[in-house]
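Undergrad: This is the structure I want to talk about, given as structure tokens.
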Amino acid sequence: MIRRETFAAVLAMVMLGASLGGCAAPSQLMQNERQWLVGRTYVVTGASSGFGRGVALKLASHGSNVVLAARRTEVLKEVAAEVRAAGGTPLVVATDVSKSDDMERLARAAINGFGRIDVWINNAGVGAIGRFEDVPLRDYDRVIDVNLKGVVYGSHTAMRLFRQQGFGTIVNISSVEGEVPLAYQAIYSASKHAVNGLGAALNQELRLNNLGSIRVVTVMPWAADTPFFEHTANYSGGTPRMILMDDPQKVVDAIVWSSIHPTKEVAVGWKAQAAVTAHRLLPNLTEHIAGDIYHRVQIETAPPAPPTSGTLHQPMRSGTTVEGGVRERMRREDQERRERYGS
């Protein structure tokens, strides 16, 4: 376990990371930023819940065209109604991001509907929790198909289109785990490392080809309270958990802001900024502490839960909101544990 002096060192790194990380994306946009969004066309994958749904609704409130992509067509129709009510123009395209043909069809629908695409957001993502050897390989295949191939297919489709039209921004939603790997989430961490590498390589190509009007942004959130934790595959033996979860709106705001002010990497919030900075300064220590904390939270203290493949292979009707209710569920679980065991 972590010794007191080790914890003090980490606390110092956290403070350093927070000071070096820069300002958080503002929740309220300036007038010129709001004006920029009017009439812009965004493609948003994973738009039926979580960050994707939140981003769609925020864009709609500023008059954007929003192309909604996910597997759950009926849920997308509900999101489309909310987008329309908020002042945006929606287009629903049922899409499995792991299929390249679906991504090509998504791009064609967006162009046919709105004439161009200004921003393509690769947001769809899935997870699998458990000891590496306990998670079925078919579940790992699906995590890679969605989290990596989906981003590759989306980026490939968008990049070819943006070269033709001469401009555009790709926003890839990664994770702090794209920088700091986490025990019991091995393939999820691997997929997010790959997304970070893809963004860095693409930005090199854009620089070398003098394509400054095309940008690739990699957004790295801390764990946030979304339906992701209800949808994740879970073979850990306990309910899916994480410490110090962020409000999803913080990430939604950062995604929208980064699409207007594209930069190579955006670590969302002080916790993500501190984790990234700490890992780059002291990788072994940071990984040791991250592993210890998550082992206690997920393996040692989480209430029992049966194994499940979540939504990896088939979507579920539940979990359609932006916020997932995970923090409230964890509070109830922790209170029950204290009442039962006194700790």
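The values are calculated or read from the model by the stated rules, or taken from the named source; none is laboratory data. Quick caveat, the model's predicted, so the values are computed rather than measured. Glycine also receives a Cβ, built like all others from the backbone with ideal geometry; neighbour counts cover every protein chain displayed. For the accessible areas, the whole protein counts, side chains as well, though only heavy atoms, and no ligand, DNA or RNA atoms are used. Shrake-Rupley method; radii C 1.70, N 1.55, O 1.52, S 1.80 Å.
Undergrad: In Å, what is the Rg of the alpha-carbon atoms in region 241-290, and how long is Dmax?
TA: 12.8, 36
Undergrad: Related question: For Cα pairs less than 8 Å apart in space and 6+ apart in sequence, what is the mean separation divided by the residue count of region 66-107, i.e. the relative contact order in percent?
TA: Numbers: 52 pairs, mean separation 18.2, N = 42.
The value is 43 percent.
Undergrad: Same structure again: Taking the solvent-accessible surface of protein heavy atoms with a 1.4 Å probe, what is the per residue accessible area of the chain in Å²? Before the final figure, lay out each step's value.
TA: On the way: 15370 Å² over 343 residues.
It amounts to 45 Å² per residue over the chain.
Undergrad: Can you find, among Val38, Phe228, Asn122, the residue farthest towards the positive end of the dipole of the chain? Put +1 on the C-beta of Lys and Arg, -1 on that of Asp and Glu.
TA: Of Val38, Phe228, Asn122, it is Val38.
Undergrad: Within region 31-107, report the chymotrypsin sites (Phe, Trp or Tyr not before Pro) that DSSP leaves as loop and that have at most 13 other Cβ atoms within 10 Å. Can you show the working numbers first?
TA: Details: sites: Trp36, Tyr42, Phe51; in loops: none.
Those that pass, being in a loop and sparsely packed, number zero.
Undergrad: If you average the C-alpha positions of region 319-343 and of region 77-96 separately, how far apart do those two centres end up, in angstrom?
TA: Using only Cα atoms, the two centres lie 32 Å from each other.
Undergrad: Roughly to the nearest percent, how much of the accessible area of the chain is carbon and sulfur, given a 1.4 Å probe? Don't jump to the answer; show the numbers that get you there.
TA: Values: 8450 of 15370 Å².
Of the solvent-accessible surface of the chain, carbon and sulfur hold 55 percent.
Undergrad: Can I ask one more? Express as a percent, rounded to the nearest 5, the fraction of DSSP beta bridges in the chain (both residues included) that run antiparallel.
TA: Details: 2 of 33 bridges.
The antiparallel proportion sits near 5 percent.
Undergrad: Taking amide hydrogens as modeled 1.01 Å from N in the peptide plane, which residues meet the under 5 Å criterion relative to Ala267, leaving out close sequence neighbours?
TA: Under 5 Å from the amide H of Ala267 lie the amide H atoms of Met220, each far enough along the sequence or on another chain.
Undergrad: Counting other Cβ atoms within 10 Å, which trypsin sites (Lys or Arg not before Pro) in region 275-343 have at most 15 and lie in a DSSP loop?
TA: Sparse-neighbourhood loop trypsin sites (Lys or Arg not before Pro): Arg317.
Undergrad: How much mean residue ellipticity at 222 nm does the chain get from its helices, if each DSSP H run of length 4 or more adds -39500 (n - 2.57) and you divide by all residues, to the nearest 500 deg cm²/dmol?
TA: -15500 deg cm²/dmol
Undergrad: Sticking with this structure for a sec: Provide the net charge surrounding Ser61, with neighbours chosen by a C-beta distance below 15 Å and charges set as Lys +1, Arg +1, Asp -1, Glu -1.
TA: Its environment carries a net charge of +2.
Undergrad: Continuing with this model, one more query. Considering the Cα positions of region 133-194, please state its Rg to one decimal place and its Dmax as a whole number of Å.
TA: 14.2, 47
Undergrad: OK, next. Which three extents, in whole angstrom, do the alpha-carbon atoms of region 23-105 cover along their principal axes, largest first?
TA: Cα extents, longest axis first: 38, 29, 21 Å.
Undergrad: Which option, (i) 85, 47, 45; (ii) 60, 49, 43; (iii) 60, 41, 38, is the value of Cα extents along the principal axes in Å that was calculated from these coordinates?
TA: Read-out from the structure maps to (iii).
Undergrad: Once the cut-off is 27 Å, how many percent of the Cα-Cα pairs in region 161-288 end up in the long-distance tail?
TA: In whole percent, the long-distance tail amounts to 24.
Undergrad: Give me the Kirkwood hydrodynamic radius of region 212-254, using the inverse of the mean 1/r over all pairs of distinct Cα atoms, in Å to one decimal.
TA: Details: mean 1/r = 0.0792 Å⁻¹.
Across region 212-254, the inverse of the average 1/r is 12.6 Å.
Undergrad: Between beta-carbons, use under 15 Å as the cut-off and find the net charge around Asp101, counting Lys and Arg +1, Asp and Glu -1. Intermediate values should be presented prior to the final figure.
TA: On the way: positive: Arg71, Lys99, Arg105, Arg108, Lys149, Arg160; negative: Asp96, Asp102, Glu104, Asp145.
Every neighbour counted, the sum reads +2.
Undergrad: Mind checking region 148-225 for GluC sites (Glu not before Pro) that DSSP puts in a loop (not H, G, I, E or B) and that have at most 16 other Cβ atoms within 10 Å?
TA: Hits after loop and neighbour filter: nothing returned.
Undergrad: Using amide H atoms built in the peptide plane, which far-off residues or other-chain residues are under 5 Å from Ile129 H to H?
TA: Result for Ile129 returns Ala233, Asn234, Tyr235.
Undergrad: For every other residue with a beta carbon closer than 14 angstrom to the beta carbon of Thr41, add +1 if it is Lys or Arg and -1 if Asp or Glu, then tell me the sum.
TA: +2
Undergrad: Hey, another quick one. Obtain the nm distance between the two label points defined at Met316 and His288 by a simple spin-label model: each point lies 7 Å from its Cα along the Cα-to-C-beta direction.
TA: 3.8 nm
Undergrad: Also, quick follow-up: Between Rg and the Kirkwood Rh of region 254-343, both from Cα atoms, what is the Rg to Rh ratio?
TA: Expressed as Rg/Rh, it is 1.05.
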